[in-house]
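Participant: My questions will all concern the structure given below.
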């Protein structure tokens, strides 16, 4: 009597096993498993990345703690590492870049989505996407050979002459400077702002425009007072994406910012960014503390860009509904 | 016409033309970049650039043959890492994935895409250079490979999703198993998009400099095998542009032109492929 449930269970099990074996023979489960592993490995790599950065920056964390972020001296010889000049340089150069790139990018996006005929808009967007593909070292080469000389010989003397009473435009003119870094960054992030903003603007329902125009608004009024506010969350997201790019951008900035770890109010003074100091000093870092201080800078950069990116991605997913992949 | 209306019309025209100016300015940047590189680059590009090793420091002449081969080797290694993982994970997301885990993978992929390239370089340094105690092609290839994964995943997923469901149903109705359907019907149909994605991501990492600085390092000679420091075009451009020699500046322009040409041609090619594939997507 007690045997019956057992055999029934066995029969059920063997049926399920047989089904599983059949699937296995057809390869479905195997394929599922292989692709699942590949997908999981992406998460593993990302987690490993954070873990490696974390365990390889223990020394400075123990030695300096939070002081690391407030220290103003960066002196590898005496083993004194303070990250403030780099944090300052990264933040100010990125802010400068946004100051230039946001009006330019949003303006261009408005033109592409509201004014230009679809064909023209598509061609121009194509060109702008190519611009986003130009390697950053090339921006650096043009920055150092073209932009910096122009700044040094024309733009900076002019600014000093006309606006020299502001602390922003004081001090000796070298060419390589915070200003040069910010401008190169601005050029590099404009394409990102444009391509995402344009998509967001195009996603604004046409009824919104029609209603505004129907009430007697001019084209500009309907765009600026109706369409842009409707899309403002998405536009903000594009700005955040661009900001994340700007914060992490390395080569072009390294080549034009002057690489001097000082905090100066003047935009003409050379500065230094987090990414630039990593690029410049990583291979020369003697001693574990020095190297790990640089890695801790990398960790800071990583965390800041991840948070900004993460927020922007969530907002974009929510506003455009379809996934954005190549931004 | 009242003054108010005239004023509004004026604002309208002025602001709308300003947006046009913004667009024009941005687009013209590409042509400025192209123009300068063509002008300075073509003046200094010669046959030696492609065939010779760098000349000893201080001597004029020489080329970047080792850097061109080096970039090729690094890209090959990066593809070996980036393409299989990207492809398979993309297939998972489009064909097998559930809801929560897929979202997690997709989100992580986007985050990975946003990681500054120099941080990826540090990662490769800690994983390969520290244990092996020297810089190597392997480390550089790993850094670039990790950078390739996100775009490969997302473009693969999107191309697979664009394949009409009818095709899948047809194959399944004929008795094909799921993986057979994916491998022999869906993947070939989406091939165009997948190839495009891979070309785009290759073009992107081909120009990356920052992660190579302290993984592949650089080398003024040939780099046999996979276990030694190796030269690459972007790193050479960086070093030469910042050097003190006019002849090196000249070669930096030449290398910049070659690199930009490679990247832009790959990009344009990839995008043309996709725009021709559009008729299919609408099916």
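Participant: Return a yes/no flag: does the stretch A:66-75 have any residue that is surrounded by fewer than 17 Cβ atoms within 10 Å (Cβ to Cβ), at positive phi and either part of a helix (DSSP H, G or I) or at pLDDT 95 or above (or both). Can you show your working first?
Facilitator: Pass one, the stretch A:66-75, residues surrounded by fewer than 17 Cβ atoms within 10 Å (Cβ to Cβ): A:66-67, A:69-73, A:75.
If we keep only those that are at positive phi as well, we get none.
Within the stretch A:66-75, none of the residues are surrounded by fewer than 17 Cβ atoms within 10 Å (Cβ to Cβ), at positive phi and either part of a helix (DSSP H, G or I) or at pLDDT 95 or above (or both).
Yes/no per residue for (1) within 30 Å of residue A:284 (Cα to Cα); (2) at pLDDT 95 or above; (3) out of contact with any helix residue (DSSP H, G or I) (no Cβ under 6 Å at 6 or more places or on another chain); (4) surrounded by 18 or more Cβ atoms within 10 Å (Cβ to Cβ):
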site: B:63; (1), (2), (3), (4): yes, no, no, yes
site: B:78; (1), (2), (3), (4): yes, yes, no, yes
site: B:96; (1), (2), (3), (4): no, no, no, yes
site: B:99; (1), (2), (3), (4): no, no, yes, no
site: B:118; (1), (2), (3), (4): yes, yes, no, yes
site: B:140; (1), (2), (3), (4): yes, yes, no, yes
site: B:158; (1), (2), (3), (4): no, no, yes, yes
site: B:163; (1), (2), (3), (4): no, no, no, yes
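Participant: Would you check which residues across the stretch B:15-36 are within 25 Å of the chain's Cα centre (by Cα) and more than 7 Å from chain A (Cβ to nearest Cβ) and list them?
Facilitator: Across the stretch B:15-36, the qualifying residues are B:28, B:31, B:32, B:34, B:35.
Participant: Pick from B:222, B:226: which is in contact (Cβ under 8 Å) with a residue 12 or more places away in the chain, under 30 Å from residue B:44 (Cβ atoms) and in contact with a helix residue (DSSP H, G or I) (Cβ under 9 Å, 6 or more places away or on another chain)? Write out each step before concluding.
Facilitator: Values: B:226 fails: under 30 Å from residue B:44 (Cβ atoms).
One residue alone meets the criteria, B:222.
Participant: Now, a different point. Residues that are touching a strand residue (DSSP E or B) at 6+ places or on another chain (Cβ under 9 Å) and either within 23 Å of residue B:119 (Cβ to Cβ) or surrounded by fewer than 22 Cβ atoms within 10 Å (Cβ to Cβ) (or both): does the stretch B:239-247 have at least one?
Facilitator: Within the stretch B:239-247, one or more residues are touching a strand residue (DSSP E or B) at 6+ places or on another chain (Cβ under 9 Å) and either within 23 Å of residue B:119 (Cβ to Cβ) or surrounded by fewer than 22 Cβ atoms within 10 Å (Cβ to Cβ) (or both).
Participant: Tell me, which helices (runs of 4 or more DSSP H) wholly within the stretch A:227-293 include 2 or more residues that are farther than 23 Å from residue B:212 by Cα and more than 11 Å from every other protein chain (Cβ to nearest Cβ)? Break it down into steps so the answer makes sense when it comes.
Facilitator: Details: elements: A:232-248, A:251-256, A:274-281.
Answer list for the stretch A:227-293: A:232-248.
Participant: Hey, among the residues in the stretch A:294-315 that are over 18 Å from residue B:129 (Cβ atoms) and more than 9 Å from chain B (Cβ to nearest Cβ), which one's modelled with the lowest pLDDT?
Facilitator: A:315
Participant: Within the stretch B:37-60, which residues are touching a residue at least 60 places away in the same chain (Cβ under 8 Å), in a helix (DSSP H, G or I) and either facing chain A (nearest Cβ under 8 Å) or more than 28 Å from residue A:194 (Cα to Cα) (or both)?
Facilitator: B:37, B:40, B:41, B:42, B:43, B:44, B:49
Participant: Still on this structure, I have one more. Please find, within the stretch A:51-65, the residue that is surrounded by the fewest Cβ atoms within 10 Å (Cβ to Cβ) out of those that are part of a helix (DSSP H, G or I) and at the interface with chain B (Cβ under 9 Å from one of its Cβ atoms). First the steps, then the outcome.
Facilitator: As a first pass, look at the stretch A:51-65 and keep what is part of a helix (DSSP H, G or I): A:51-55, A:58-65.
Restricting the remaining residues to those that are at the interface with chain B (Cβ under 9 Å from one of its Cβ atoms) gives A:52-53, A:55.
Details: A:52: 20, A:53: 21, A:55: 11.
Among those residues, the one meeting the criterion is A:55.
Participant: Any residue in the stretch A:209-220 that's in a loop (DSSP other than H, G, I, E, B): show its pairings with residues that are surrounded by 14 or more Cβ atoms within 10 Å (Cβ to Cβ) at Cβ separation under 6 Å, as long as the two are six or more apart or on different chains.
Facilitator: Every condition considered, the pairs that remain are A:218/B:8; A:218/B:12.
Participant: Determine which single condition residue B:114 fails, assuming it passes every other condition in (1) in contact (Cβ under 8 Å) with a residue 12 or more places away in the chain; (2) within 7 Å of another protein chain (Cβ to nearest Cβ).
Facilitator: (1)
Participant: Also, I was wondering about something else. Test residue A:40 against the criterion of being under 30 Å from residue A:196 (Cβ atoms), touching a residue at least 40 places away in the same chain (Cβ under 8 Å) and either outside any loop (DSSP other than H, G, I, E, B) or facing chain B (nearest Cβ under 8 Å) (or both), and give yes or no.
Facilitator: On the way: under 30 Å from residue A:196 (Cβ atoms): yes; touching a residue at least 40 places away in the same chain (Cβ under 8 Å): no; either outside any loop (DSSP other than H, G, I, E, B) or facing chain B (nearest Cβ under 8 Å) (or both): yes.
Here the answer is no, as residue A:40 does not meet what is asked.
Participant: Something else now. Quickly run through the stretch A:148-202 and pick out the residues that are in a helix (DSSP H, G or I), touching a helix residue (DSSP H, G or I) at 6+ places or on another chain (Cβ under 6 Å) and farther than 30 Å from residue A:313 by Cβ.
Facilitator: Listed by number, the residues that qualify are A:148, A:151, A:159, A:160, A:163, A:169, A:180.
Participant: Given the options B:254, B:171, B:183, name the one that is assigned to a helix (DSSP H, G or I), farther than 30 Å from residue A:284 by Cβ and touching a helix residue (DSSP H, G or I) at 6+ places or on another chain (Cβ under 6 Å).
Facilitator: From the options B:254, B:171, B:183, the qualifying one is B:171.
Participant: A further question follows. Taking residue B:149 as the residue in question, decide whether it is at pLDDT 95 or above, closer than 24 Å to residue A:309 by Cα and in a helix (DSSP H, G or I).
Facilitator: Numbers: at pLDDT 95 or above: yes; closer than 24 Å to residue A:309 by Cα: yes; in a helix (DSSP H, G or I): yes.
Taking the combined requirement at face value, the residue satisfies it.
Participant: Within the stretch B:96-110, restricting attention to residues that are over 26 Å from the mean Cα position of the chain (by Cα) and in a helix (DSSP H, G or I), which residue is nearest to the other protein chains (Cβ to nearest Cβ)?
Facilitator: Let us first name the residues in the stretch B:96-110 that are over 26 Å from the mean Cα position of the chain (by Cα), namely B:96-101.
Now restrict to residues that are in a helix (DSSP H, G or I): B:96, B:100-101.
Details: B:96: 5, B:100: 12, B:101: 8 Å.
In this case the residue turns out to be B:96.
Participant: In the stretch A:76-126, which residues are part of a loop (DSSP other than H, G, I, E, B) and within 13 Å of chain B (Cβ to nearest Cβ)?
Facilitator: As a first pass, look at the stretch A:76-126 and keep what is part of a loop (DSSP other than H, G, I, E, B): A:76-79, A:82-83, A:116-117.
If the condition is that a residue be part of a loop (DSSP other than H, G, I, E, B) and within 13 Å of chain B (Cβ to nearest Cβ), then A:116, A:117 are the ones that fit.
Participant: Are any residues in the stretch B:117-134 under 14 Å from residue A:52 (Cβ atoms) and either more than 7 Å from chain A (Cβ to nearest Cβ) or touching a strand residue (DSSP E or B) at 6+ places or on another chain (Cβ under 6 Å) (or both), and if so, which ones?
Facilitator: Correct list: B:120, B:121, B:124, B:125, B:128, B:129, B:130, B:131.
Participant: Answer with yes or no whether residue B:49 is surrounded by 20 or more Cβ atoms within 10 Å (Cβ to Cβ) and in contact with a strand residue (DSSP E or B) (Cβ under 9 Å, 6 or more places away or on another chain).
Facilitator: Considered against the rule, which asks whether it is surrounded by 20 or more Cβ atoms within 10 Å (Cβ to Cβ) and in contact with a strand residue (DSSP E or B) (Cβ under 9 Å, 6 or more places away or on another chain), residue B:49 comes out as yes.
Participant: Being closer than 15 Å to residue A:80 by Cβ and at pLDDT 95 or above narrows it down to one of A:256, A:277, so name that one. Walk me through how you get there before you give the answer.
Facilitator: Working: A:256 fails: closer than 15 Å to residue A:80 by Cβ.
The unique qualifying residue is A:277.
The values are calculated or read from the model by the stated rules, or taken from the named source; none is laboratory data. It should be emphasised that the depicted structure is a prediction, and the values quoted were computed from it without experimental measurement. Cβ coordinates were reconstructed from backbone atoms using ideal geometry, including for glycine residues, and neighbour counts include every protein chain displayed.
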